[in-house]
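The values are calculated or read from the model by the stated rules, or taken from the named source; none is laboratory data. The structure displayed is predicted, hence computed values, not measured ones. Please note: Cβ atoms are built from the backbone with ideal geometry, for glycine as well, and neighbour counts cover all protein chains shown. The area values use the complete protein model at the heavy-atom level, side chains included, leaving out ligands, DNA and RNA. Shrake-Rupley method; radii C 1.70, N 1.55, O 1.52, S 1.80 Å.
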2 protein chains.
Amino acid sequence: MEKIKIAVVGLGNIGKAVCEAVNAAEDMELCGIVRRASAEGETLNEIKIVDDIKKFDKVNKVDVAILCGPSREVPGMAEKYLPMGINTVDSFDIHSEIWDLKTRLDGIAKANNACSIISTGMDPGADSIIRALFLALTPRGITYTNFGPGMSMGHTVAVKAIAGVKSALSMTIPAGAGTHNRMVYVEIEPGADFAAVAEKIKSDPYFVNDNTKVTLVDNVNDLIDMGHAANIVRKGVSGTAHNQLLEFTMKVNNPALTAQMMVSCARASMRRPPGCYTVVELPLIDLLPGGTEQIIRSLV
Amino acid sequence: MEKIKIAVVGLGNIGKAVCEAVNAAEDMELCGIVRRASAEGETLNEIKIVDDIKKFDKVNKVDVAILCGPSREVPGMAEKYLPMGINTVDSFDIHSEIWDLKTRLDGIAKANNACSIISTGMDPGADSIIRALFLALTPRGITYTNFGPGMSMGHTVAVKAIAGVKSALSMTIPAGAGTHNRMVYVEIEPGADFAAVAEKIKSDPYFVNDNTKVTLVDNVNDLIDMGHAANIVRKGVSGTAHNQLLEFTMKVNNPALTAQMMVSCARASMRRPPGCYTVVELPLIDLLPGGTEQIIRSLV
């Protein structure tokens, strides 16, 4: 069987974890890593790093580019690779813009006989599939998605942007019914006023609506752990039966989970007709290695 | 928007719950109930009961027949309705025979421009989707499916077939790591020897491999509750990250959950190309009412 040829674009936490997940997948082959020009000529475990996907050694073209850049850069990356007929997978996580991204990439993908799977990972991604299943099982009711305890990348970046902050970590602490508290740990610049910094953090749009506690620490790095958790709870109605209780919990290494979901979706991209898909538009069997019969016999 | 026209075939616990779930779905219409000839002319909440689907009043034909008979009768039912161009949905739950049923119905469905969705409900069904997602998120590891506490239909029927048993209830009690204990409650016939009956139950193929306790009771009916539970646990590896912890739990009215899943799959049957599908072959979005944009915006 011919292996699926993967390029990893970007080499942060997620990019590195994607490389590991691709290497662990028997039906995939890591062709190379695409990174900024300054990294040109470097290698990662003998995998070549280039600044342009066309510089890979492989005679055959890349099947799927897994886009591991920040969400804001994802649309541009996808618009670069899809016209080359290369499938793309990303973890674009700006929930309010997912629909627009889908419609934007769908036409490009179809025009180039390629497939783009967007907004995979933890949430959107695995959590989206759970929310869809819960809704199918209980059409009426309320779903609560609770995150953490775990590091919030977005909130951490927001704190780091505040004047006087040298380094920061923002932890998301679940407070029930889809609400969250924020525990923020900061190192401050010499001469900065901690009380003033703490007030600025609490009044930042990222934090103003949440119960936020700011703590001064000597070394933020000592506190960082990539574990995260999600807990989705729904109490709903099936037909006329109330009090149907559904719950999903994952406690995971966050970059590894996100990366694995992206890699499984890369497989799915080889099995779907051209177009752009979110995870709830994919049959789950397409994410799994192996043949239909073996999967259905062992798992359904 | 034209409503999906549903026929319910069979009117046991599941059939009744399917009628309720169809009535609660705004995009569906219950055309009627098909039942054995002796029920002909009866009604259920003004819905006509007939012994032949062709006797329905509706001018337009039925879109989907939801098959609520015992698993053994499902293949024959599907082979009757699919050639009429009517989609079918069932909760066929003999795990070892699902693949064969799929291949058997796939050709018939395609030849008649119809769609058959098999083995929906709790397990197979909702649990199958969870197992597939867990495998996609952590390709290495062990999945345990734990059932109960709740009534096992199959085990209860097996006990009732034993000589000297007047009535019975077999409860499935989870014992961890996918193993189960059986708590069996029996009424016995006058003159029957309880100790002998209990021994026969424990040596029955349904029970011989499980820790089974048999209790004599005056009235089995007083003990029956249709609640059931499933708990799926997986500890696995994403890429090179071990100890990824995934868990799903549902505590539900079992017939209502099964029925709702069948009704959601009836909707999906209207959106899939002709053929026969298990639930892991369906995009979850197809199970939900409403348009793609609204679902993606609100749920992904």
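Per Stokes-Einstein, at 37 °C and 0.692 mPa s, what whole-number D in µm² s⁻¹ belongs to the range A:183-270, with the Kirkwood radius over Cα pairs as the hydrodynamic radius? All intermediate terms of the calculation are to be shown ahead of the outcome.
On the way: Rh = 17.4 Å.
So the translational diffusion coefficient is about 189 µm²/s.
Looking at A:Leu44, A:Val64, A:Ser96, which one has the Cα that reaches farthest to the positive end of the dipole of the range A:33-130 (charges on Cβ: Lys, Arg +1; Asp, Glu -1)? Of the options given, the answer is A:Val64.
Spin-label point model (7 Å from Cα, Cβ direction): what's the A:Glu40 to A:Leu245 distance in nm? Placing both labels 7 Å along Cα→Cβ, they lie 6.1 nm apart.
Charge dipole of the range B:110-202 (Cα centre as origin; +1 on each Lys and Arg Cβ, -1 on each Asp and Glu Cβ, all else neutral): 320 debye, rounded to the nearest 20. All other residues whose Cβ lies under 11 angstrom from that of B:Lys166 are scored, Lys and Arg at +1 and Asp and Glu at -1, for a net of -2. Sorted shortest first, the separations between the A:Ser298 label point and its copies elsewhere in the assembly read 3.8 nm; each point sits 7 Å from Cα along the Cα-to-Cβ line. Using a/c under 1.5 as the rounded threshold, could you call the range B:1-80 rounded, prolate or oblate? The axes a ≥ b ≥ c are square roots of the C-alpha gyration tensor eigenvalues, and prolate needs a/b larger than b/c, oblate otherwise. Since a/c stays below 1.5, the shape of the range B:1-80 is classed as rounded. Remark: label point of B:Ser38 defined 7 Å out from Cα along the Cα-Cβ vector; separations to the same position in other copies 8.4 nm, ascending.
Within chain A, which is the longest segment containing none of the trypsin sites (Lys or Arg not before Pro) that sit in a DSSP loop and have at most 15 other Cβ atoms within 10 Å?
Values: sites that count: A:Lys3, A:Arg36, A:Lys58, A:Lys61, A:Arg271.
Counting at most 15 other Cβ atoms within 10 Å as exposed, the longest clean stretch of chain A is A:62-270.
Comment: the Cα-to-Cβ extended label point of A:Met226, at 7 Å, lies 4.8 nm from its counterparts in the other copies, nearest first.
For the protein assembly as shown, what log10 I(q)/I(0) values come out of the Debye formula at q = 0.05 1/Å, with one point per alpha carbon and no solvent? Log10 of I(q)/I(0), two decimals: -0.26. What residues does the range B:128-172 have that are buried by at least 10 Å² of accessible area in the full protein assembly compared to the chain on its own, 1.4 angstrom probe? For the range B:128-172, once contacts with the other chains are taken into account, B:Ser128, B:Ile129, B:Ile130, B:Arg131, B:Ala132, B:Leu133, B:Phe134, B:Leu135, B:Ala136, B:Leu137, B:Pro139 lose 10 Å² or more. Along the range B:121-128 the Karplus relation, 6.51 cos²θ - 1.76 cosθ + 1.60 evaluated at θ = phi - 60°, assigns HN-Hα couplings of x, 7, 7, x, x, 4, 4, 4 Hz to successive residues, with x for each Gly and Pro. Centroid-to-centroid, using Cα positions, the range A:101-127 and the range A:207-269 are 22 Å apart.
Remark on A:Asn211: its backbone amide H falls under 5 Å from those of A:Arg182, a criterion applied only to residues 5 or more positions apart or on other chains, H modelled at 1.01 Å from N. Provide the solvent-accessible area of A:His95, counting protein heavy atoms only and rolling a 1.4 Å probe, rounded to the nearest 10 Å². We get 80 Å² for A:His95.
When the helices of chain B are scored as -39500 (n - 2.57) per DSSP H run of n ≥ 4 and the total is divided over every residue, the value at 222 nm lands at -8500 deg cm²/dmol.
Solvent exposure of chain A amounts to 42 Å² per residue of accessible area, where only protein heavy atoms count and the probe is 1.4 Å. Less than 9 Å Cβ to Cβ from A:His242, Lys/Arg counted +1 and Asp/Glu -1: what total charge do the surrounding residues give? Taking every other residue near A:His242 into account, the sum is +2.
Sorting A:Thr240, A:Thr156 by solvent-accessible area of protein heavy atoms yields A:Thr240, A:Thr156, largest first, with a 1.4 Å probe.
What does the charge add up to near A:Arg35, with Lys and Arg as +1, Asp and Glu as -1, over the other residues with Cβ less than 9 Å from its Cβ?
Details: positive: A:Arg36; negative: A:Glu40, A:Glu42, A:Asp51.
Once all neighbours under 9 Å are counted, the net charge is -2.
Taken across both chains, chains A and B shield about 5000 Å² of accessible surface from a 1.4 Å probe.
Just to confirm the filter: which GluC sites (Glu not before Pro) across the range A:16-107 are DSSP coil and have at most 12 other Cβ within 10 angstrom of their Cβ? All intermediate terms of the calculation are to be shown ahead of the outcome.
Values: sites: A:Glu20, A:Glu26, A:Glu29, A:Glu40, A:Glu42, A:Glu46, A:Glu73, A:Glu79, A:Glu97; in loops: A:Glu26, A:Glu40, A:Glu42, A:Glu46.
When the GluC sites (Glu not before Pro) of the range A:16-107 are filtered for loop state and at most 12 Cβ neighbours within 10 Å, A:Glu26, A:Glu46 remain.
With a Förster radius of 45 Å applied to the beta-carbon distance between B:Asp218 and A:Thr179, the computed FRET efficiency rounds to 0.35.
Shown for chain B: the carbon plus sulfur share of the solvent-accessible area, taken with all protein chains present and a 1.4 angstrom probe, equals 50%.
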